[in-house]
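Below: the structure, in structure tokens.
The values are calculated or read from the model by the stated rules, or taken from the named source; none is laboratory data. None of these values were measured; they are calculated from a predicted model. Positions of Cβ are generated from backbone atoms using ideal geometry, with glycine treated the same way; all protein chains shown enter the neighbour counts. SASA here: full protein model, heavy atoms, side chains in, ligands and nucleic acids out. Shrake-Rupley method; radii C 1.70, N 1.55, O 1.52, S 1.80 Å.
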Amino acid sequence: MEVLNVSHLSKAYPGFRLEDVSFSVRTGTIMGFIGRNGAGKSTTLKSIMNMVHADAGQVTFFGLDMTKNERTVKQRIGYAGGAVDYYKKKKIRTLLEITGVFYDHWDEAVCRKYLQLFSLDENKTPSELSEGMKVKLSLVIALSHGARLLILDEPFVGLDPKAAVILKGIMAEICREGGAIFFSTHVLDVAEKLCNKVAIVKDGRLIASGDMDAIVRPGQSLESIFMEVVDDAEAN
């Protein structure tokens, strides 16, 4: 089942343009969206999530147009885009309850499970947390309502090694259970070990996309393929 389809997505900023990006994600997929810093990864994710308005293109989740069904769509997906930097004085439990109201889903057992996994105290507030713990909180919020599609922007940045291992396990489990993950990263070894599909972006253009085992040929690594296709794109 196709859970995310991005078709001819474009977004221009002064000095940068995301141009004609298209790909899809199906259930059972962990798709890595990789590129250098400034390649357009975050712009793509924010455009997909309708956090910035794309200049052209269409994004559908579960067959629904995000721009026309934003609340319905967002109730079915989880998004984490870095450290939580809002409601700084509210307790973590309160933030999760607010999230439950928005998503029309509250499962205290699920929330407690992820709070314990990431060693978060529900009685603390974001203002009391380190940047790394705020990243963990953003992940817990994304996971708290049982979404079957996770959209994660550089989820491993700021995580300690233990939390990174935990997150990899959670992502793999969701995929095995018929969910899907789409996440941006510039950490190539993580993407190669975790993903079964990958897309490579450079200077706002998608330069490669497909199954991991089709893109990374025997005897090569994702790192070597990345450098090869990026160099080819620069040459052309």
query = Which residues, counting only those in segment 138-156, are among the aliphatic types (A, V, I, L, M) and outside any loop (DSSP other than H, G, I, E, B)?
reply = LEU139, VAL140, ILE141, ALA142, LEU143, LEU149, LEU150, ILE151, LEU152
request  = Would you please name the residue that is most open to solvent (accessible area, probe 1.4 Å), looking only at residues in segment 69-88 that are under 14 Å from LYS136 (Cβ atoms) and out of contact with any strand residue (DSSP E or B) (no Cβ under 8 Å at 6 or more places or on another chain)?
outcome  = ASP85
ask   = aromatic (Phe, Trp, Tyr), at pLDDT 95 or above and more than 15 Å from ASP153 (Cβ to Cβ): does that describe PHE33?
value = no
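For residues that are in a strand (DSSP E or B) and under 17 Å from PHE61 (Cβ atoms), tally how many sit in segment 1-16. It would help to see each step written out before you state the result.
Taking segment 1-16 and keeping what is in a strand (DSSP E or B), we get 2-13, 16.
Among the residues that remain, those that are also under 17 Å from PHE61 (Cβ atoms) are: 2-9.
The qualifying residues number 8.
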Identity of the residue in segment 89-119, modelled with pLDDT under 85 and not in a helix (DSSP H, G or I), that ends up most open to solvent (accessible area, probe 1.4 Å) = LYS89
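Identify the residue in segment 43-58 that is in contact with a Lys or Arg (Cβ under 9 Å, 6 or more places away or on another chain) and part of a loop (DSSP other than H, G, I, E, B) and, among all such residues, is surrounded by the most Cβ atoms within 10 Å (Cβ to Cβ).
ALA54
Among the residues of segment 120-156, what is the count of those that are closer than 23 Å to VAL190 by Cα and at pLDDT below 90? Can you show your working first?
As a first pass, look at segment 120-156 and keep what is closer than 23 Å to VAL190 by Cα: 131-143, 147-156.
Cutting the leftovers down to at pLDDT below 90 gives us 147-148.
Of the residues in segment 120-156, 2 are closer than 23 Å to VAL190 by Cα and at pLDDT below 90.
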task = Quick one: GLY210 ticks every box in (1) surrounded by 15 or more Cβ atoms within 10 Å (Cβ to Cβ); (2) in a strand (DSSP E or B) except a single one, so which number is it?
result = (1)
task = Kindly provide the set of residues from segment 12-42 that are touching a residue at least 24 places away in the same chain (Cβ under 8 Å), open to solvent by 30 Å² or more (accessible area, probe 1.4 Å) and either farther than 18 Å from ARG205 by Cβ or of a type outside the set (A, V, I, L, M) (or both), ordered by number.
result = TYR13, PHE16, ARG17, GLU19, ASP20, SER22, ARG26, THR27, ARG36, ASN37, SER42
key: Candidate set from segment 113-138 (those that are under 22 Å from the mean Cα position of the chain (by Cα) and of a type in the set (D, E, K, R)); member that is farthest from ALA80 (Cα to Cα)   = LYS113
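Report yes if MET66 is out of contact with any Asp or Glu (no Cβ under 7 Å at 6 or more places or on another chain), buried (at least 19 other Cβ atoms within 10 Å of the Cβ), modelled with pLDDT of 90 or more and aliphatic (A, V, I, L, M), otherwise no. Show your work before the answer.
Details: out of contact with any Asp or Glu (no Cβ under 7 Å at 6 or more places or on another chain): yes; buried (at least 19 other Cβ atoms within 10 Å of the Cβ): yes; modelled with pLDDT of 90 or more: no; aliphatic (A, V, I, L, M): yes.
No.
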request  = May I ask you to list the residues in segment 120-137 that are open to solvent by less than 80 Å² (accessible area, probe 1.4 Å) and in a loop (DSSP other than H, G, I, E, B)?
outcome  = LEU120, ASP121, GLU122, THR125, LEU129, SER130
ask   = Hey, any hits in segment 184-205 for a residue that's closer than 25 Å to PHE102 by Cβ and assigned to a loop (DSSP other than H, G, I, E, B)?
value = no
request  = Working carefully through the options ILE181, ILE174, find the one that is on the phi < 0 side of the Ramachandran plot, within 15 Å of the chain's Cα centre (by Cα) and in a strand (DSSP E or B).
outcome  = ILE181
